[in-house]
Amino acid sequence: MVERTRFTLAEEDIPRAWYNISADLPVPQSPALHPGTHQPLGPADLAPLFPMALIMQEVSTEREIEIPDPVRELYKQYRPSPLVRARRLEKALDTPAHIYYKYEGGSPAGSHKPNTAIPQAFYNKEEGIKRIATETGAGQWGSALAHAGAMFGIEVKVYMVRASYDQKPYRRLMMETYGASVVASPSMDTAAGRAILAEHPNSTGSLGIAISEAVEDTVMRDDTHYSLGSVLNHVMLHQTVIGLESIKQMEIAGEEPDTIIACAGGGSNFAGISFPWLGLTFRGGRKYRIIAVEPEAAPSMTRGRYAYDYGDTAKMAPMVKMYTLGHDFIPEPIHAGGLRYHGMSPQVSLLKHEGFIEARSVHQRPCFEAGIQFARTEGLIPAPESTHAIRVAIDEALAAKASGEKKVILFNLSGHGYFDMTSYQRYLEGKLEDYEYPAEEVKHALESVEA
């Protein structure tokens, strides 16, 4: 009998409701604050930025929130996504560990991002919004929202972090093919961008800067809403389709994970895979080791401070309690552009602070080494962001080999790397650098963050 490697579900198995971890959190989440008054935000404060349906999801404590039928129909383009046992990687590592990965690279954007881009576009369309402004780091989120905008007939403006705008031209072209307008951030299109360029003409940008530009763009127009691809509660909510499917698929595989791993920049794909499993912990006492992996160049959870901070550089976005490196911090231009954010999702941060999850930071060269080993065994070229999860999954499998333990490891392969081949080229040519943690710069940036 041939052992199964791929575990798939049918269309009817696409979840009919998202899982809201707020219903089960053992410690209440601190409220978001108004960036000007520093008072707790109310729905009216967020109405200029988001449709009311998303605002209600942001503060909801209902365990399940129904997925609208038009959203599920578009999910059917690529969901359910497969769960795969990495047997060839296991053999190459000569490990007793069983390694599984949930592959999110089969979506139109090539990553997990459409899981939230589609519902965000849907709710904006329902509210009569004709235009959405957003930011993007590596371009995966911008690609996803551009696709969703095309599906619902909404104009999309994307502020793409300059480092990725230069490194990943095909991501920009993908967004433009879907009909989005894309500019490098910091740009001359906003006062926030012009101010940064006046002081730093050669700025490589950051997600904090790009968020400032997108928020400013939004508040200056009556026909525009803002859309965010990570960090906020409603984004974490939408991504839980990943973990909900993986629970069913691991049951089919006849195993339960000991360790669950995902890369983390703002927290969305990490939340997507881990939150439904954490729900089993909070409701039924089942225990898992859950590891969030971040880049050494932007290590918010491993080196940052747990405090209220602004979500953007210009201090226009709400303040949230999170692990942060300081809203003025600009990470080095690593190729995992989607992980170059100064902060972390408030929900993920709370879970880390309370000890329910672990965080680990890694350099980009060992990550690309792991990504290439994965490609040469499993046949898929992972996104630079996803290689962070692969690196730690391999490390955990090798630790199991050293100890003789038979562990079951589940990680989220959040996207493919076929638009990131210049990154692999630089690694293969020996030109990829590891950026050391810039302690002095972070110390300076944290000076503006209240303890």
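Assorted remarks:
- Using all pairs of distinct alpha-carbon atoms, the Kirkwood hydrodynamic radius of the chain works out to 21.6 angstrom.
- Convex hull of alpha carbon positions in the range 140-200: directionally averaged projected area 4.1 nm².
- Principal-axis tilt of helix 241-253 within the chain, Cα atoms, nearest 10 degrees: 0
- The Cα-based radius of gyration of the range 17-137, divided by its Kirkwood radius, gives an Rg/Rh of 1.07.
- Spread over its residues, the convex hull of the C-alpha atoms of the range 298-413 is 120 Å³ per residue.
- Arg365-Tyr418 FRET efficiency (beta carbon distance; Förster radius 22 Å; 0.05 resolution): 0.60
- Total charge dipole magnitude, the range 173-297, about the Cα centre, Cβ charges on Lys, Arg, Asp, Glu only, Debye to nearest 20: 500
- Exposure proxy order (Cβ contacts within 10 Å, fewest to most) of Arg360, Arg6, Arg171: Arg6, Arg360, Arg171
- Computed from Cα positions, the angle between helix 140-152 and the longest principal axis of the chain comes to roughly 70 degrees.
- Sequence ranges 235-246, 148-159, ranked by mean other-Cβ count within 10 angstrom, highest first: 235-246, 148-159
- Dipole-positive endmost among Pro318, Leu398, Ala195 within the chain (Cβ charges, Cα centre): Leu398
- Computed over neighbours whose Cβ is under 15 Å from that of Arg194, the net charge equals -4, Lys and Arg +1, Asp and Glu -1.
- Tensor-based shape of the range 182-331 (alpha-carbon gyration tensor, a/c under 1.5 rounded, otherwise prolate or oblate): prolate
- C-alpha long axis of helix 364-378 to longest principal axis of the chain, angle in °: 50
- Sorting 122-135, 263-276 by their mean Cβ neighbour count within 10 Å, with the most densely packed peptide first, gives 263-276, 122-135.
- Highest mean first, the peptides 248-260, 342-354 sorted by other C-beta atoms within 10 Å per residue fall in the order 342-354, 248-260.
Each reported figure results from applying straightforward, stated rules to the coordinates on display, with no laboratory input. Just so you know, these numbers come straight off a predicted model, no measurement behind them. Quick reminder, even Gly has a Cβ in these numbers, built from the backbone with ideal geometry, and neighbours come from all protein chains shown.
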